[in-house]
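A short write-up of the structure that comes next.
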Amino acid sequence: MKAVARLAVAGVVLLAGCAGAVPLPDGDTAAFGTQICGGTGADPSAYLRTMPVLPGAAPRLSAAGSSLIGPMMSVWAQQYAGQHGTRVAYQPIGSGSGIAQTIAGTVALGATDTPMTSLERAKAGGRRLLALPVTLGGVVPAYHLAGIGAGLRFDADVLGAVFAGRIRRWDDPALRSLNPGLRLPARDIVVVHRADASGTTAVFTDYLTRGSPTWVSVLGAGNSSGKQVVWPTGLAGKGNDGVAGMLAQVDGAVGYLELAYVLGQHLPYGQVRNRTGDFIQPCPATMGRAAQGIDLAADLPTSLADSTERDAYPITGVTYLLLYADQHDRATAVALVNFLAWMLTTGQDLAPPLGYGPLTARLQRDTYAQLYQVTADGAPVAPTG
Amino acid sequence: MSLTLKDRTTRSMPEPAGSRQRHPADRLFQAAVHAAAWLPIAILGATVVFLLVQAWPALTHYGPFSSLGSIGWAPSRAITESTSPNPYGLLQFIYGSVLTALIAMAIAVPASIAVALYLTDVAPRVIRRPLAHLVDLLAAIPSVVYGFWAIFALAPTLRPLGEMLGRTLGAVPALGAVFAGPFYGYSYLTAGIVLAIMVLPIITAICREVFATTPVPRKEAALALGATRWEMLRMAVLPPARAGIIGACTLGLGRAVGETIAVTMVIGNNVTGINPSLLAPGATMPSVLANELTEATQPFHLESLFVVALWLLALALAVNVAGRLLVRRGHREPR
Amino acid sequence: MTTTTTVTTSAATASAATARAVAGPVRRLRRRRLTNTAMTVTLALVTAAAVAALIWVLSYVATQGLPTLGPAFLTRTPPGNPAQSGGGFLNGIVGSLEIVGIATVLAVPPALATAVHIVEYGGRLARIVSFVTDVLVGLPTILTGALVYTIWVTRFGFSGLAGAFALALIMLPLVTRSTAEMLRQVPQSLREASLALGITKARTITAIVLPTARSGILTGITLAIARAMGEAAPLLLTTLGNDLFLEADPRQRMSTLALQIFTNAVTGYRTAQSRAWAGALTLIAIVVILTVTARLLPGRHPRRGR
């Protein structure tokens, strides 16, 4: 019965993808260069689902962090509250805040799109922090350019040059050569980036660092990636939301946003060249391709830009949920484990319609196994085996 | 028994006769009230002390005034061991705070004086109170609503004006830097204009009080000598009100410097440097605090944010203390 | 014959001389009158501009917010998916009322006591406290938020109580100052009569002075409430917000109307923006109703200008 239900959900999502459920804005468009975006790229049947729903969960959880995962957490929190009663209050204040507040203990659960640095880990004072991947997110170049629709093509160095302020106008020869069929207007490019410490920024700048020599030379090696960089130019918005809001207000603006935001707000977004040289449309399936072969044993990179899979979307990142492994309050620990287990199973089906990539089977199994390590006052919360 | 201006300062009740044997409840009441009176002092003291304690590590590590001397806020460049250069330069925040406040003052001060004069002496008596209520209503609108309106109504309206300024004045050799384009709506200028609208009712209200205390004989004397109404205002009302007006403006300045939400929404959040153009995006001290206080994990990031908070406190206190003193002087001495 | 002409000429010269003598002052008078008219018109225009700005803001919020504002908006919480339309800010409205309510309960008693001390007891401490209170009124509210974040949130987490505490710190000087003003306006003769009858000072204050100033004190409290409802900056750092759920327990994170407007206003989702406009209209309505009610209360009112 459950298998039938799962197949049905997958089928609906497939159909939605094929139907091109998201209307693209009017204007010149370039064809998106990938054909696999109809599916989700995930294999839910291989997921681990062994955790029972534990009794004694706290009725409320306090969470905060990444705005990349904001819409996803919002949908998850509402669905979960309806089905299981625990209300998770999530505030998308940026990955930096998610890390800082979780370590400080002012929130129980934090979300970040980039692994913690060693400096950050040190602030935990020896207590062990679990970093659990829960979804794949795709950071896409979004823009607001009158007369130009979705599908604008970028490659890594051109994108890096744009955001470093080296390419200043939309009709620059570099952009024109990548997009021969489009009539790009003679307008200034207005860069919009993040004002807060952002995992989205970390994923994006990691991709630029790996692929754009121009970006690295302008920012300086060692300073060209991270949650915060010294941006050479542009306006700054607070959160993915702030960037999206500014994009809508300024004609000629370009920024980087998670796919869910551009889909939900019908913003034009571009396609990016990956390691194999193809222009890849960002979608759950291409994000999943980038995550193929990754497991938790090694340190996860911030962006999966170096994937050599065909159809892999290079600016893919993984969102982690952070929590202390040794919880002080049993009710909170139970609530956390229940919510996370639900997120890693039922929750994954809710990701593709929003524009997030469900975890690969390998990542899901690795992560799910870590749930058994949560303890409350020394005793493990979940029954082992 | 009638209220003279002297009575507006503290005035205590006379002690009842035979007060040697005071009721114990009386003494208790006095003690409780006396204790409560320490609360404002405790709050101010706690604010200063806690901010100082939080900022102390950064002050000792980088030196107390090094952040004042550097431009550019770059938490990503902070390294625990290095003490120089200070990556947490806050000169651009002070510049942003002062510039937006000055733009606000340049617009609001003449406007407020004009409105206050109109409401106290020039407007037909029938409409004085309703107009005064309307102007006061400007102060009731919450700052988040002002910011919201500024993004969607003010900035798009300003854009053609800003672009024209950028093209015309921006091309002039020396002055041009101040008006250099491009103009995207998010700028010092937009923030300054929003602040002007927010600060105008405050200055107007205080000026109205000050103008209303002009002694009538002085006004009548001017009119008796044949002055027109404007001349009467200019000679009899404005000069003695000078201290009060300056006090009102200083208080308005204090409010402009401390305003957070409306400014953060429209200023563009550029923390990396000082752009001389009014049309460029920038940042203020409150805006960086609102944006970054919850997320500071870099070495000395949180502590440096509290250094910003300390300087904001110092600026706000200096302006407010000066303003209060001037307003009191303006009330006390109508010459 | 010549005498008549001489007389006529001298009369003509005399009147011509008079005309010349008054020409200057007449011109100056005309210029002065012109200046007067010009300045009167300028003052009127500037006032009209100020009122026009008010009308612009209010009408813009009204036109943007009215389509979304309705009973559904006031009774529902936002949808999980921000791209969906519908839903409302019930959690923000309830949170605002609750947090500001708690802040009022926390702030008013100490504020009354402080004002009583300043006015009724006097002395050097009272003068210092009065000055410090005036200075506190102008303290940037983000600093109050930073203070509460440091001393409370880092220990106990984000909560509605922390937000209420921050708002109480902001309301305290406002209520103190307006109450002190009202107490000063109570005639001294009332106090003297009471004391002459042998009533203790404490009872004089509680039974005579405070009730006399009651409506003015209420006005001051109402205005402070209106101001607290509009604050968002300190709440960003203390209660953090609870976007989806209606939360009545102040020990949990709560949302307020101002916070919800802020987070929804800066998004790119048109649906969230329209909810924010409706929220802004609701907040303005609440604040304006509070302000107007305060002014309509009978009796004397505290001076404006804060």
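Just to verify a result, which residue in the stretch C:86-114, among those that are of a type in the set (Gly, Ala, Ser) and touching a Lys or Arg at 6+ places or on another chain (Cβ under 8 Å), is nearest to residue C:137 (Cα to Cα)?
So the residue we want is C:88.
Under the condition of being within 30 Å of residue A:41 (Cβ to Cβ) and open to solvent by 10 Å² or more (accessible area, probe 1.4 Å), the residues counted in the stretch A:118-171 number 8.
So that you can scan it fast, the table gives a plain yes or no per residue for (1) crowded, with 24+ Cβ neighbours inside 10 Å; (2) within 8 Å of another protein chain (Cβ to nearest Cβ):
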| position | (1), (2) |
| --- | --- |
| A:201 | yes, no |
| A:207 | yes, no |
| A:217 | no, no |
| A:233 | no, no |
| A:244 | yes, yes |
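Hand me the list of helices (runs of 4 or more DSSP H) wholly inside the stretch B:186-262 holding 3 or more residues that are within 14 Å of chain C (Cβ to nearest Cβ). Walk me through it before giving the result.
Values: elements: B:188-212, B:216-224, B:229-232, B:242-258.
Correct list: B:188-212, B:229-232, B:242-258.
Looking at the stretch B:88-108, which of the residues that are open to solvent by 30 Å² or more (accessible area, probe 1.4 Å), within 30 Å of residue B:137 (Cβ to Cβ) and of a type in the set (Val, Ile, Thr) is farthest from the chain's Cα centre (by Cα)? Ranking the candidates gives B:107 first.
Among the residues of the stretch A:369-385, those identified as open to solvent by 10 Å² or more (accessible area, probe 1.4 Å) and part of a strand (DSSP E or B) are A:375, A:379, A:380. Evaluated against (1) at pLDDT below 90; (2) open to solvent by 10 Å² or more (accessible area, probe 1.4 Å); (3) within 10 Å of another protein chain (Cβ to nearest Cβ), residue A:181 falls short on exactly one condition, (3). Of the residues making up the stretch A:111-123, those that are farther than 18 Å from residue A:239 by Cβ and either among the β-branched types (Val, Ile, Thr) or within 12 Å of chain B (Cβ to nearest Cβ) (or both) number 8. Among the residues of the stretch C:66-82, the one identified as under 20 Å from residue A:77 (Cα atoms) and small (Gly, Ala, Ser) is C:80. Can you find a residue that is at the interface with another protein chain (Cβ under 10 Å from one of its Cβ atoms), buried (at least 21 other Cβ atoms within 10 Å of the Cβ) and under 21 Å from the mean Cα position of the chain (by Cα) anywhere in the stretch C:88-105? No: zero hits. Looking at B:140, B:224, just one residue is out of contact with any strand residue (DSSP E or B) (no Cβ under 6 Å at 6 or more places or on another chain), open to solvent by 50 Å² or more (accessible area, probe 1.4 Å) and not polar (S, T, N, Q), and that residue is B:224.
Does the stretch A:27-42 include one or more residues that are at the interface with chain C (Cβ under 10 Å from one of its Cβ atoms) and either over 24 Å from the mean Cα position of the chain (by Cα) or modelled with pLDDT of 90 or more (or both)? No - not one qualifying residue is present in the stretch A:27-42. Annotation: residue A:126 fulfils all but one of (1) assigned to a strand (DSSP E or B); (2) at positive phi; the unmet one is (1).
Considering every residue within the stretch B:118-126, establish whether at least one is more than 12 Å from chain C (Cβ to nearest Cβ), open to solvent by 10 Å² or more (accessible area, probe 1.4 Å) and more than 19 Å from residue B:251 (Cα to Cα).
Within the stretch B:118-126, the subset more than 12 Å from chain C (Cβ to nearest Cβ) is B:125-126.
In the following step, the residues that additionally are open to solvent by 10 Å² or more (accessible area, probe 1.4 Å) were identified as B:125-126.
Subsequent filtering for residues that are more than 19 Å from residue B:251 (Cα to Cα) retains B:125-126.
Yes, that holds for at least one residue.
Under the condition of being in contact with a Leu (Cβ under 7 Å, 6 or more places away or on another chain), part of a helix (DSSP H, G or I) and in contact (Cβ under 8 Å) with a residue 12 or more places away in the chain, the residues counted in the stretch A:44-78 number 6. Among the residues making up the stretch B:273-313, none is open to solvent by 10 Å² or more (accessible area, probe 1.4 Å), within 9 Å of chain A (Cβ to nearest Cβ), more than 17 Å from residue C:148 (Cα to Cα) and of a type in the set (Gly, Ala, Ser). Being touching a residue at least 40 places away in the same chain (Cβ under 8 Å), within 12 Å of chain C (Cβ to nearest Cβ) and open to solvent by 50 Å² or more (accessible area, probe 1.4 Å) is a description that does not apply to residue B:53. The single condition from (1) modelled with pLDDT of 90 or more; (2) β-branched (Val, Ile, Thr); (3) open to solvent by 40 Å² or more (accessible area, probe 1.4 Å) that residue C:293 fails is (1). Checked against the criterion of being touching a helix residue (DSSP H, G or I) at 6+ places or on another chain (Cβ under 6 Å), away from every other protein chain (no Cβ under 13 Å) and either surrounded by fewer than 19 Cβ atoms within 10 Å (Cβ to Cβ) or part of a helix (DSSP H, G or I) (or both), the candidates B:67, B:82 yield just one match: B:67. Taken as a whole, the stretch C:234-246 holds no residue that is assigned to a helix (DSSP H, G or I), within 9 Å of another protein chain (Cβ to nearest Cβ) and among the polar types (S, T, N, Q). When residue B:323 is tested against (1) in a helix (DSSP H, G or I); (2) more than 10 Å from chain C (Cβ to nearest Cβ); (3) buried (at least 21 other Cβ atoms within 10 Å of the Cβ), just one condition goes unmet, and that condition is (2). Of all residues in the stretch C:247-270, those that are facing chain A (nearest Cβ under 10 Å) have Cβ atoms under 7 Å from Cβ atoms of residues that are outside any helix (DSSP H, G or I) and of a type in the set (Val, Ile, Thr), 6 or more apart or on another chain, in C:253/C:239; C:254/C:239. Going by the conditions given, is residue B:173 modelled with pLDDT under 90, away from every other protein chain (no Cβ under 13 Å) and not in a helix (DSSP H, G or I)? Considered against the rule, which asks whether it is modelled with pLDDT under 90, away from every other protein chain (no Cβ under 13 Å) and not in a helix (DSSP H, G or I), residue B:173 comes out as yes. Within the stretch C:135-143, identify whether any single residue is more than 7 Å from chain B (Cβ to nearest Cβ) and open to solvent by less than 10 Å² (accessible area, probe 1.4 Å), and answer yes or no. Looking through the stretch C:135-143, none of the residues is more than 7 Å from chain B (Cβ to nearest Cβ) and open to solvent by less than 10 Å² (accessible area, probe 1.4 Å).
Looking for something part of a strand (DSSP E or B) and more than 9 Å from every other protein chain (Cβ to nearest Cβ) - is there at least one such residue anywhere in the stretch A:88-110? Yes, because at least one residue in the stretch A:88-110 is part of a strand (DSSP E or B) and more than 9 Å from every other protein chain (Cβ to nearest Cβ).
Please tell me if residue C:230 is under 26 Å from the mean Cα position of the chain (by Cα), at pLDDT below 90 and closer than 30 Å to residue C:60 by Cβ. No, not satisfied. If you go through the stretch A:299-339 and keep only what is of a type in the set (A, V, I, L, M) and under 17 Å from the mean Cα position of the chain (by Cα), you end up with A:300, A:304, A:305, A:312, A:315, A:318, A:321, A:322.
Picking from B:268, B:252, which residue would you name as being buried (at least 23 other Cβ atoms within 10 Å of the Cβ) and closer than 29 Å to residue A:239 by Cα? Before the answer, list the steps.
Details: B:252 fails: closer than 29 Å to residue A:239 by Cα.
B:268 is the lone residue from the list that is buried (at least 23 other Cβ atoms within 10 Å of the Cβ) and closer than 29 Å to residue A:239 by Cα.
The values are calculated or read from the model by the stated rules, or taken from the named source; none is laboratory data. As the structure is a computational prediction, the values presented were derived from the model and not from experiment. Here Cβ is always computed from backbone atoms with ideal geometry, including for glycine, and neighbour counts include all displayed protein chains. Each accessible area value is taken on the protein alone, full model and side chains, heavy atoms only, with ligands, DNA and RNA left out. Shrake-Rupley method; radii C 1.70, N 1.55, O 1.52, S 1.80 Å.
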